[in-house]
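Novice: Dumping the structure here so I can ask a few things about it.
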Protein chains: 2
Amino acid sequence: MVAKLSTKKAVELFHALSDETRLALLDRLKDGEQCVCELTDAMKAAQSRLSFHLKVLKEAGLIEDRREGRWMYYSLSIQAIEELEDLVGSLKKVARSAVSRGRCC
Amino acid sequence: MVAKLSTKKAVELFHALSDETRLALLDRLKDGEQCVCELTDAMKAAQSRLSFHLKVLKEAGLIEDRREGRWMYYSLSIQAIEELEDLVGSLKKVARSAVSRGRCC
DNA sequence: TGGATATAACAATAATTGTTGATGAGTCAA
DNA sequence: TTGACTCATCAACAATTATTGTTATATCCA
């Protein structure tokens, strides 16, 4: 368990995940690191488009990049996924003795 | 563990979570159900604004509503949070014997 | 060095999402 | 039945995000 993420960081993480293209990218990266050209091939997407989405994912910390010659390899950040798991866990109801409240307004 | 959510559903869930106001709403609902007027009071937000965000959360299945007289009470959907936990889990790297690959392009 | 390759970055535009103020619908109580 | 109250919905507008085509940067190889 980790310190609570700031709300802004949480928003950034969830936003990065709230796009079909980006989820598809993450899914591909589950199998191991891949370079941009493999991704554009596999996803039949314009390079600049994937570059944009990869940047969003990277800025959210969900993926990491590594240059090797002309190629840029992207891979999942396991740590980020774990942070995400904590974050989602923190959304859960806090156990407590039935909060009794009167009428509201 | 549950069947894999469709990508569209995943996008909808993450999108619902990718907003500061909505995360604040969920946080308040952790303490138990609340009516809209309590939420607008506590968050000092315009009623129509919260109504909009509550709708987004409800359509994503993250919260449920219940009418009681003039009041509408909202509460967390525990089931949705659990779905979300599964979803986040499914983002993780699949264990496998080191995938060896040659050059890509 | 010069050309080819892989990718990032940019600018223009399109699409989506959020905010605000106003109106409408349902409920209650006098 | 009327007026007050709670909340949803709508329309207009503002803000953000995504797409596309193009250009810039870095690397490699001949």
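Where a number appears in this text, it was derived from the coordinates with a stated rule and is not lab data. As the structure is a prediction and not an experimental result, all values here were calculated from the model. With ideal geometry, Cβ positions are generated from the backbone for all residues, glycine too; neighbour counts draw on all protein chains shown.
Novice: Using the structure shown, select from A:Lys9/B:Lys44; B:Lys4/B:Lys30; A:Lys55/B:Lys58; A:Lys8/A:Lys58; A:Lys92/B:Lys44 the pairs with a Cα to Cα distance greater than 19 angstrom. List each step's numbers first, then the result.
Specialist: Values: A:Lys9/B:Lys44 22 Å; B:Lys4/B:Lys30 26 Å; A:Lys55/B:Lys58 30 Å; A:Lys8/A:Lys58 16 Å; A:Lys92/B:Lys44 24 Å.
Exceeds cut-off: A:Lys9/B:Lys44; B:Lys4/B:Lys30; A:Lys55/B:Lys58; A:Lys92/B:Lys44.
Novice: So if R0 is 35 Å, what FRET efficiency would B:Leu5 and A:Val94 give, r being the distance between their Cβ atoms, rounded to the nearest 0.05?
Specialist: Values: r = 25 Å, r/R0 = 0.72.
Efficiency computed from Cβ-Cβ geometry: 0.85.
Novice: Let me ask you something else. Between 0 and 90 degrees, rounded to the nearest ten: what's the tilt of helix B:78-89 against the longest Cα principal axis of chain B?
Specialist: The answer is roughly 20 degrees.
Novice: Which distances, shortest first and in nm, link B:Asp31 to the matching position in the other copies, using label points set 7 Å out along Cα to C-beta?
Specialist: Computed spacing set for this position: 4.9 nm.
Novice: If the protein assembly as shown were replaced by its equivalent ellipsoid, with semi-axes equal to the square roots of 5 times the Cα gyration tensor eigenvalues, what would those be, largest first, whole Å?
Specialist: 38, 17, 14
Novice: Please find, in a Gaussian network model of chain A (springs between Cα atoms separated by less than 10 Å), the residue of A:Arg70, A:Arg22, A:Arg49 whose mean-square fluctuation is greatest.
Specialist: Largest GNM mean-square fluctuation: A:Arg70.
Novice: Still on this structure, please answer the following. Can you put A:Thr7, A:Thr21 in order, fewest other beta carbons within 10 Å first? Write out the running numbers ahead of the final one.
Specialist: On the way: A:Thr7 14, A:Thr21 18.
Starting with the residue having the fewest Cβ neighbours, the order is A:Thr7, A:Thr21.
Novice: Now for a different question. Mind checking the angle between helix B:7-17 and chain B's longest principal axis? C-alpha axes, 0 to 90 degrees, to the nearest 10.
Specialist: 50
Novice: So if I place +1 on the C-beta of Lys and Arg and -1 on the C-beta of Asp and Glu, and nothing else carries charge, what would the dipole magnitude of the protein assembly as shown be about its Cα centre? I want it in debye, nearest 20.
Specialist: Values: 36 positive and 32 negative charges, 40 e Å.
The calculation lands at about 180 debye.
Novice: Let me ask you something else. What does the structure give for B:73-84 when I average, per residue, the other chain Cβ atoms found within 10 Å of the residue Cβ?
Specialist: Numbers: counts 1, 0, 1, 3, 0, 2, 0, 1, 5, 2, 0, 6.
Mean partner-chain Cβ count within 10 Å for B:73-84: 2.
Novice: With contacts defined as alpha carbon pairs under 8 Å and 6 or more residues apart, what's the relative contact order of chain A in percent? Write out the running numbers ahead of the final one.
Specialist: Working: 84 pairs, mean separation 30.0, N = 105.
RCO, chain A: 29 percent.
Novice: For a quick check, take a GNM of chain A with Cα springs below 10 Å and name the residue from A:Val94, A:Val56, A:Val36 with the largest mean-square fluctuation.
Specialist: Comparing A:Val94, A:Val56, A:Val36 in the GNM, the peak value goes to A:Val94.
Novice: Let me know the mean shielding of B:8-17 by other chains, meaning the per-residue number of their Cβ atoms within 10 Å of its Cβ. Intermediate results must be reported in sequence, preceding the final value.
Specialist: Details: counts 2, 0, 4, 7, 1, 3, 9, 5, 2, 10.
What the average comes to for B:8-17 is 4.
Novice: In nm, what does the list of distances from A:Arg66 to its counterparts in the other copies look like, shortest first, when each label sits 7 Å along Cα to Cβ?
Specialist: Its label point is 5.2 nm from the equivalent points in the other copies.
Novice: What angle, in degrees between 0 and 90 and rounded to the nearest 10, separates the Cα long axis of helix B:20-29 from the longest principal axis of the Cα atoms of chain B?
Specialist: With rounding to tens, the tilt is 70 degrees.
Novice: For the range A:5-47, max minus min Cα coordinate along each principal axis, in Å, sorted largest first?
Specialist: Largest to smallest, the principal-axis extents are 36, 21, 13 Å.
Novice: If I model a spin label at B:Glu82 and A:Arg70 as a point 7 Å from the Cα along the Cα→Cβ vector, what separation in nanometres do I get?
Specialist: Modelled inter-label distance: 5.2 nm.
Novice: Further question on the same structure: Find every distance from the label point of B:Thr7 to the corresponding label point in the other copies (7 Å from Cα along Cα→Cβ) and write them in nm, one decimal, shortest first.
Specialist: Output for B:Thr7: 3.2 nm, nearest copy listed first.
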